[in-house]
Amino acid sequence: MKYIHLFLLMVALLFAAEVRADSIKGMAETIKKPISLKAEKSHLLNVTFNHTSHRGISCFTCHHMPSEKNGRYVSCSQCHKAVGRSKNAQSLFAAFHDKESKHSCYACHLKKAKEMPELYATTFVNCRPCHSRMTNAIQGPMTIKASKSQLMDVTFNHSSHQGINCFTCHHRVSDKGRYVGCEECHVSMGRSQEKNSTFNAFHSKSSSHACYACHLKKVENNPERFGSIFYNCRPCHQGARAAKSK
Ligand code: HEC
Ligand code: HEC
Ligand code: HEC
Ligand code: HEC
Ligand code: HEC
Ligand code: HEC
Ligand code: HEC
Ligand code: HEC
């Protein structure tokens, strides 16, 4: 009898450990993807929130209070239930727009714009970047134009790169802000080996910011999944390939 209890206890513990590991994994996956915060009235006010652009900020700054139900990392709306533009501390509007609280989105952005105007004065102005087209700008495909032949154009989709930190690619801030085309700085054209050439930005085999380096690493780590899609100049220079097979 005693042994059966012990056995059941062990099974219970094993199970609990597994469930916990699962949820930590689930959480890690959740914060890799953009979260769409839906507006009540108009979809134009929807906000796309990326954990990846808030790397380095303590989780508890925003997730400031644990819920009794299932821990700290829950939707703000679980507690901030009051609707409309209410100043009530428990309203959802206050959670996002309060100008003083350190837990609020808007307060932190206003503070950044004040402290570091050279970086944020243009990005964090009025209702930007939350209610703006910036976040919409990264929804669709982008064509990165080749200098010589259109066949070398590359179509880049942010959506295929969702789990990756924005900063992996957008690794430096220019006068115009962080999220600008790579050519803003990578100006030297042609197959130059200079670090700031456009060619290196996309094809360096060693830098963590480069397209090619990451794709090569994926093939090395997971040949079954990536070996057949990431080889030669694929999947980037598809135009050249399509033209060849015609
Ligand atoms: C730092 C980010 C941020 C900034 C800046 C910001 N908001 Fe918001 N706002 C949000 C979030 C998040 C929501 C919740 C999602 C939603 O309802 O759109 C929201 C929701 C709203 C809503 C409710 C929409 C609805 O129908 O439910 C209004 C109104 C609003 N914001 C107005 C403004 C105005 C006006 C400004 C500029 C003065 C502004 N916001 C600046 C993040 C921000
Ligand atoms: C800058 C503010 C901010 C920071 C920092 C932040 N989060 Fe979040 N997190 C949010 C917002 C906003 C949501 C979406 C809430 C909603 O849907 O109402 C969210 C959602 C989540 C969710 C999904 C909750 C659910 O039930 O859907 C998890 C899990 C989570 N965050 C974990 C984390 C972890 C772990 C960290 C630290 C590594 C972290 N967050 C840092 C603001 C933040
Ligand atoms: C478990 C419940 C709970 C969750 C989840 C929660 N909050 Fe709160 N929040 C509160 C309570 C209660 C208050 C009022 C008391 C206080 O200031 O601590 C508050 C106050 C705030 C304030 C201060 C508002 C003001 O007008 O002073 C902000 C900002 C805020 N929360 C943001 C957030 C954000 C952003 C999230 C989601 C990432 C979030 N909260 C999730 C319970 C919660
Ligand atoms: C403690 C400070 C802080 C808080 C709190 C914070 N942000 Fe930010 N946010 C930043 C900084 C800093 C950046 C710019 C990162 C960069 O590009 O250098 C940023 C960037 C952004 C961007 C532009 C990049 C992108 O992912 O599209 C959006 C949108 C945004 N924040 C929305 C929000 C929302 C919504 C909340 C609240 C749920 C929030 N922020 C809370 C500091 C903060
Ligand atoms: C992971 C994506 C990726 C891979 C793989 C890749 N490239 Fe590129 N390449 C780009 C991007 C992005 C550009 C910039 C846009 C453009 O010029 O086509 C570019 C530009 C070029 C250019 C300059 C074209 C011009 O006229 O400006 C050449 C030449 C080039 N790549 C050759 C190659 C060759 C050869 C391979 C295979 C060994 C290769 N690339 C693999 C992403 C990639
Ligand atoms: C895998 C690399 C990669 C990641 C990750 C990435 N981007 Fe980009 N982003 C690019 C490239 C490449 C371009 C197009 C640059 C060009 O045209 O030269 C771009 C363009 C943009 C633009 C348009 C710039 C303009 O001037 O038109 C915005 C806005 C942007 N990214 C925001 C973001 C945000 C926000 C994140 C994180 C949520 C992010 N990006 C993550 C590579 C990346
Ligand atoms: C604000 C200017 C600026 C912007 C914008 C910028 N870079 Fe860079 N990048 C640099 C400078 C300067 C260097 C050389 C010094 C260094 O490594 O940081 C560099 C180096 C690199 C390297 C390392 C090259 C090597 O051979 O070691 C890669 C890869 C790279 N950038 C990719 C990108 C990509 C991809 C984008 C666009 C998503 C981008 N960069 C946007 C300024 C910028
Ligand atoms: C940190 C890693 C990483 C970086 C950096 C990166 N990629 Fe990717 N890329 C991936 C992964 C992973 C996939 C596969 C996504 C899937 O199929 O789930 C992918 C898929 C692609 C695809 C095929 C899917 C599609 O959208 O057509 C293209 C094209 C591509 N990447 C181009 C680029 C270009 C151009 C850059 C640089 C501006 C870049 N990648 C930078 C990891 C990366």
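Some points to look at:
- Reachable aspartates and glutamates, given that their alpha-carbon falls under 13 Å from the alpha-carbon of LYS176 and they are not under 8 places away in the same chain: GLU118, GLU184
- For the stretch 33-127, the convex hull drawn through the C-alpha positions has a volume of 118 cubic angstrom per residue.
- √(5λ) per eigenvalue of the Cα gyration tensor, the stretch 70-168, largest first, Å: 35, 18, 12
- Lysines with Cα under 30 Å of LYS217, excluding same-chain neighbours fewer than 8 positions away: LYS25, LYS32, LYS33, LYS145, LYS148, LYS195, LYS205, LYS244
- When the stretch 91-246 is reduced to its Cα atoms, the Kirkwood hydrodynamic radius in Å: 18.2
- Candidate cross-link partners of LYS38 among the lysines, defined by an alpha-carbon separation under 22 Å and a same-chain spacing of 8 or more, comprise LYS81, LYS87, LYS99.
- Here the Karplus curve 6.51 cos²θ - 1.76 cosθ + 1.60, taken at θ = phi - 60°, turns the phi angles of the stretch 178-188 into couplings of 7, 8, 10, x, 4, 5, 3, 10, 7, 8, 6 Hz, with x standing for Gly and Pro.
- Under a 5 Å amide H cut-off, with hydrogens placed 1.01 Å from N, SER188 pairs with THR198 among residues at least 5 apart or on other chains.
- Note on the stretch 136-206: Kirkwood radius taken over Cα pairs, Stokes-Einstein applied at 20 °C and 1.002 mPa s, translational D equal to 160 µm² s⁻¹.
Here, each number is a calculation from the coordinates, and none is a lab measurement. All of these numbers come straight from a predicted model, not from anything done at the bench.
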